[in-house]
Structure formats: C-alpha cells, structure tokens
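Notes for the one structure printed next.
The values are calculated or read from the model by the stated rules, or taken from the named source; none is laboratory data. These figures come from a predicted structure and were not determined experimentally. Reconstructed Cβ throughout: ideal geometry from the backbone, glycine too, with neighbour counts over all protein chains shown. Just the protein is used for accessible areas: all its heavy atoms, side chains included, with ligands, DNA and RNA removed. Shrake-Rupley method; radii C 1.70, N 1.55, O 1.52, S 1.80 Å.
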Amino acid sequence: MSAVPETPAAPSRPTVTEREARQVAEAAREQDWRKPSFAKELFLGRFQLDLIHPHPLPADEDVRRGEEFLARLRDFCGTKVDGALIEREARIPDEVINGLKELGALGMKIETKYGGLGLTQVYYNKALALVGSASPAIGALLSAHQSIGVPQPLKIFGTREQKETFLPRCARTDISAFLLTEPDVGSDPARLATTAVPDGDDYVLDGVKLWTTNGVVADLLVVMARVPRSEGHRGGITAFVVEADSEGVTVENRNAFMGLRGLENGVTRFHRVRVPASHRIGEEGQGLKIALTTLNTGRLSLPAMCVGAGKWCLKIAREWSAEREQWGKPVALHEAVGSKIAFIAATTFALEAVVDLSSQMADEDRNDIRIEAALAKLYGSEMAWLMADELVQIRGGRGFETADSLRARGERAVPAEQMLRDLRINRIFEGSTEIMHLLIAREAVDAHLSVAGDLIDPEKTLGDKARAGASAGAFYARWLPKLVAGPGQLPGTYGEFKHGIDLSPHLRYVERASRKLARSTFYAMSRWQGRMETKQGFLGRIVDIGAELFAMSAACVRAELLRSRGDHGREAYQLADAFCRQARLRVEELFGRLWSNTDDLDRKVVKNVLGGSYTWLEDGVIDPSGDGPWIADATPGESTRENVRRPIR
C-alpha cells in the first residue's frame, strides 16, 4: 500500500471566477430533453394539456401494496410517535427509529429484491406526508435517507456490486446521509474544498462538511469531494459512499435550529479517511451530475410533507374557527378570517394535485419531470409557509403560544407555532427559493440559449455570432407566430371541464398566460441578451408565474379525475375553482411586476448599504450577537473535538 498523502497545511479551496462557477454548474446539468415535459412546454408558450390529462393513475397492485403500508405506518405513528416529546427533548427516541426500521420505512423506495418495500413515488410521498404530520423531524430523517442519501444515487448510478452491498443495509438497518455543503460553500460547488486524493486502490478524503442531515446518526454517507487531476485521473467533483465509522471521520457538532429540533444534523470532518475506489459512485467528475439527477425526483419528498402540513393547518383552522366565537358568531364566518381559511383549503388541494401529478409522472417515466419537481419544491415550500402563517394568525395569541403552555393551562395543545418554525427551513433545504428560481429559469430558457447561446456570448467570434444569428432567426421565425393566438381564445375549448362548475375558463387562461409568459421571456432576451442571467428579479417572477400556471393545471386535472371517479367531485371542482381564481390574481400581479418594479433602484440601495452610506440608520440598537468569525475555519487536519456521532442500534 502506498504512503498516505500529506494533509494540506492550509485550506486548498479553489479560487474561481463567476464564469468558471457557471461553467461547473452548466456541465453538471442534464443537457438533453429526451422525453416530453409539460412544464418546459408551458414556459415556451405551448400548453400541452394532453401530457397530463387524463390524469395518470397507478397500477392496482401498486395501490394495494401502498395502502397496506400506509395503514401500518398510520397505526405506528398514532401509537408509537410522540411529536411533543421529540420537540421537548430535541431527539427522536431510539426505539421509534428502530420501530421504523422494523416496519420497513427505511426501504420504502428500495426494490424488493434488495429487501425494500418497492413503493412507488406516489405512495412514498403519501407516507412522508403522514409521518411528517406526526413529527416533521422523522419525515426529514426518512426523506434525507432515501431521497438524497445512499439509496437514490445508487439506484440510478450504482454498479450491481454496490447495490448488492449497500441497498440491503439501507433497506432495513443503516441510516444514510448526503454530504455536499461546506462552511464556505453552499450553492456554488465550484469552490468545493474537500479532496479525495487517489492512492493505490483507495482515495484519501480530507475536508469538512456542514449541515449534514442525518450525519450524526448515519451509518453510510454519500460524500462529494474534489479529485485532483493527475495521470490516469480525469479529476473533478466525485461522489463516494463512505462508512461513517471509518477511521478519521469525526462528527464534531450536532447543530441546533429554530425548528425541526429532532433533526440529526451536524458538522463532519474527514482526516485521511481511506475510501476504496469500489465505493466511488459513477466516474470521476460526475458528482454534481449525480447530485442533480438524484434531486430530479428526490425534491418531491419535501413538497409531499408540505401537503401534510397544509392538511393539518386546514383541520385545525376548521375546528378552531367553528368553536371560537367573536361578536356573536364563529370567527370563520367573519370575512377577514374566512378568506384565510379559503386560502388554506384551496391551496392544500392544489399543492396535493401538484405533488400527486408530478409523482405519478415520475413513476410512469414517460415524461421528463425535472422542472415539474423543482416547481413542486419551490411552490410547496413557499405556500406551506404562508398557510402555517395564516393558521397562526387565525389562532391569534394561541397561535403564538407553545403547545406545552396551552396544555399546562388546560387547553388543547395545538403546536401551530412549531409548525411555522418547522416549515421555515423548507424554503432553504435542497435549494433555497432564490437558487430554485435560477435553476428553473435556466431550464425554462434552455431553448433560447440553445439557439442564441453563441450570439450573446461575449467571448465568441464574429463568425460564431453570425452562425448563431442565422440559427436563432430560423427558430424564432417558426416559434413567434405561434404565440399570437391559441385555443385559449376560443370560448368552447376544454369543455370537458364543465360540470356544474366550469373550470374551462381557467384552462383557457393558462393557455393564454403561457403564451404571454413566453413572449415576455423573448422580449427580455432580446432586450438584455447576455445580461439576462443577472436579472434575477425578473427571472424569479417568470418562474413564479410558471409555478402558478402549473398548479392551476394540476388542480383542474385532479378535480376532473375525482369527478370521473365519483370521489368528492363537486367539492373538488369547488376547490379547484377557488384556487384558480386566487392564483389568477397572483399571476396578474406578477406579470405587472415584470416591467414595473424597483429592481434598478434596489441595486443602487444595496451598493450604498455595502459601501457604508447608511450606517447611521443602524444607530440606537444593541447587537446581541456573540464574538467569532462569520464562517468557521474549515482547514483540513486532524479533529480536536469529541466525536458526537450516535449510531442507532
């Protein structure tokens, strides 16, 4: 065996330019569109309802197995899970985790041949919504383990030997975690500093990882590390499966947060950790592509739990608002409160429609759902937070009071404030709202960049630009005329969605708005060209419009499905109608803000803030923050702290 490479004496974090960082991200994204995508077409002004209607349905056998597991899980959560205890002690009891293992909950998405349950994405998400309502911390543990931990990347990229070695463990006994973020690296992986240096048949890992969900209790880790380029090694960011009890792995801290207090999230240091080359997932340099591909469906777990949160918010709002009287009648009958309840009900219906539709499309594998899953994550995290905030407002002072305090003085222990705290992280987890805006926007304008990329690239030659101009001209000559008129302008279109309540006007609106959205994007491309990527406010609004249109489409399609099956069809149509009317108001506001906003002025104010022009405005307060650096030192080296890893056995 070769000698172990020397540990660097100082941080070796790469110094990269903005352009280089973009190139790393661009190389990691999936370049081709081999399957149809409803959301992609929506952003291009093509409302292809036939891609989602009739609503796809799971196979009968998948339904049977899924419902049987949900029944067992519901019984377990109702009898064995004490969410209040987890909140008070900031820890999921070992016996609960072991009970989940015995139930098979660790292997919900793992194939039966590896000892898993082999549930579909639809039923996996229903299970997460259920268990997350009992304890969001448990939902986060199971989701991180299966959606982004070892099982999902191995399912897509693992070798037969890796699957046979690790998946049976993940299905029944071993908890996994995903380690990408570092103290000074979040959504900019080009600056990743953790290294994996080839040494014979091994790699030697050195570095520090932050916010390692499940990392404190994990048995197996997916670690992203940078392999140096050398003879026989292409190098680049690479994914590895690492045994958490390997020599040199130290969990240095269990992090604590405003919500999800039972979350086993920590800081993990790697010092000369030897990892067999056989534990590398995919090829060198494929790490980010593996991470992004894993998240294409992995992101659906988060909005699934947001659906569960919405259902709970609706239940509490209904029960409380019928009981609480003000000025001679239940508060629900006062318009100021009633509008909030209507928002929660309609939005919960639409969000469940988005998640179920996206999940079923993932199971069928006929469509490319990378945009749909990203929109579901973005929309679910934002709307669930708003619903929980409205519930706190409906509950008044009791919404701000803790469940323990309510119980102590003899009232029902409703954890509304905890729900608000627990949901807040979803706007940051697995890609913050701001990053999701940019990620989705990049996919949404892919067709434009494909034909006009060289035209707006300042480094391309005049010859390249001329050829790009000719290609772009041909594309837009075919595309732009199609954005002028469409089915949305014909009164009888989508008539199959008229049954007492008429949803067809909403679908016609989606079709018209889709074309308007595409025209707005084209105008922005022609106006700003290469500077388009810097217009993050504009791009965010474009994406938010697309999210609302997708949710409207899903809500209408789900309502028609339920009607056709005789399953609360009239009520579903009512909820879809209410949601679409609410969403249309938001869409019109967003369209107005595309061109009428304070973006330019805001940039000037920000420059002045950073330049110190407004420090006088900060006078008159005391800063209670403690001392210390803004970002902790992550210099590679041997750990000097106690290992707080706590495996569950």
How far is the Cα center of the stretch 534-571 from the Cα center of the stretch 114-142, in Å? 24
What does the accessible area per residue of the chain come to in Å², with a 1.4 Å probe and no ligands, DNA or RNA counted? 45
Choose one of Val251, His437, Leu44: the residue whose Cα lies farthest towards the positive end of the charge dipole of the chain (beta-carbon charges +1 Lys, Arg; -1 Asp, Glu; about the Cα centre). Leu44
Work out how much length Arg409 to Ser230 would gain on full extension: take 0.36 nm times their residue separation and subtract the Cα-Cα distance, in nm to one decimal. 57.7 nm
Under 5 Å, built H, 5+ apart or other chain: amide partners of Ile110: Leu117, Gly118, Leu119
The simple spin-label model distance between Gln489 and Leu333, using points 7 Å out along Cα→Cβ, in nm, is 4.8
Accessible-area value, Tyr476, 1.4 Å probe, nucleic acids and ligands omitted, Å²: 30
Exposure of Tyr494 as accessible area (Å², to 10), given a probe of 1.4 Å and all protein chains: 30
Using the Cα atoms as the points, what is the convex hull volume per residue of the chain in Å³? 193
For the stretch 145-155, Karplus couplings with θ = phi - 60° (6.51, -1.76, 1.60), whole Hz, Gly/Pro x: 5, 9, 7, 10, x, 4, x, 5, x, 5, 4
DSSP loop (so not H, G, I, E, B), at most 14 other Cβ within 10 Å: list which chymotrypsin sites (Phe, Trp or Tyr not before Pro) in the stretch 230-297 pass both filters. Phe257
Around Asp502, which amide H atoms from residues at least 5 apart in sequence, or from another chain, sit under 5 Å from its own amide H, with H modelled in the peptide plane? none
Projected area averaged over all directions for the convex hull of the alpha carbon atoms of the stretch 175-301, nm², comes out at 7.8
Within the stretch 305-410, chymotrypsin sites (Phe, Trp or Tyr not before Pro) in DSSP loop having at most 13 other beta-carbon neighbours inside 10 Å: Trp327
Paramagnetic reach from Ile428 in the stretch 595-627 [backbone N under 17 Å; point 7 Å along Cα→Cβ]: 625-626
Tell me, in nm to one decimal, what length is gained between Glu161 and Arg603 on full extension, where the rule is 0.36 nm per residue of separation less the Cα-Cα distance? 153.8 nm
What is the ratio of the Cα radius of gyration of the stretch 87-183 to 2.2 N^0.38 Å, with N the residue count, to two decimals? 1.07
If one computes the Cα centroid of the stretch 481-527 and of the stretch 352-408, what distance in Å separates the two points? 27
Any idea how far apart Asp50 and Glu533 come out in nm if each label point goes 7 Å out from Cα toward Cβ? 3.6
Please list, by residue number, every one of the GluC sites (Glu not before Pro) in the stretch 544-649 that is coil in DSSP and has at most 12 other beta-carbon atoms within 10 Å. Glu638, Glu642
Quick one: 3J(HN,Hα) in Hz for the stretch 287-300, Karplus 6.51/-1.76/1.60 with θ = phi - 60°, rounded, Gly and Pro as x. x, 5, 4, 4, 4, 5, 5, 4, 6, 3, 9, x, 5, 5
Please report how far the C-alpha centroid of the stretch 582-597 lies from that of the stretch 270-339, rounded to the nearest whole angstrom. 25
Tabulate in residue order the Karplus-calculated ³J(HN,Hα) for the stretch 32-43, using 6.51 cos²θ - 1.76 cosθ + 1.60 with θ = phi - 60°, rounded to whole Hz; enter x for Gly and Pro. 9, 10, 8, 10, x, 9, 4, 5, 4, 5, 4, 5
What lysines does Lys113 reach when the alpha-carbon gap must be under 24 Å and sequence neighbours fewer than 8 apart in one chain are set aside? Lys101, Lys126, Lys155, Lys163
Which value at 222 nm does the chain reach when only helices count, each DSSP H run of 4 or more adding -39,500 (n - 2.57), with the total divided by all residues and rounded to the nearest 500 deg cm²/dmol? -17000 deg cm²/dmol
Any chance you could run the full-extension gain for Leu85 through Glu283? It's 0.36 nm times the residue separation minus the Cα-Cα distance, nm to one decimal. 66.9 nm
Could you look at the chain and say what percent of its accessible area is carbon and sulfur, using a 1.4 Å probe and all protein chains? 53
Leu601 accessible area, assembled protein chains, probe 1.4 Å, Å²: 100
Can you give the local net charge around Ala362? Use residues other than it whose beta-carbon is closer than 12 angstrom to its beta-carbon, Lys and Arg +1, Asp and Glu -1. -1
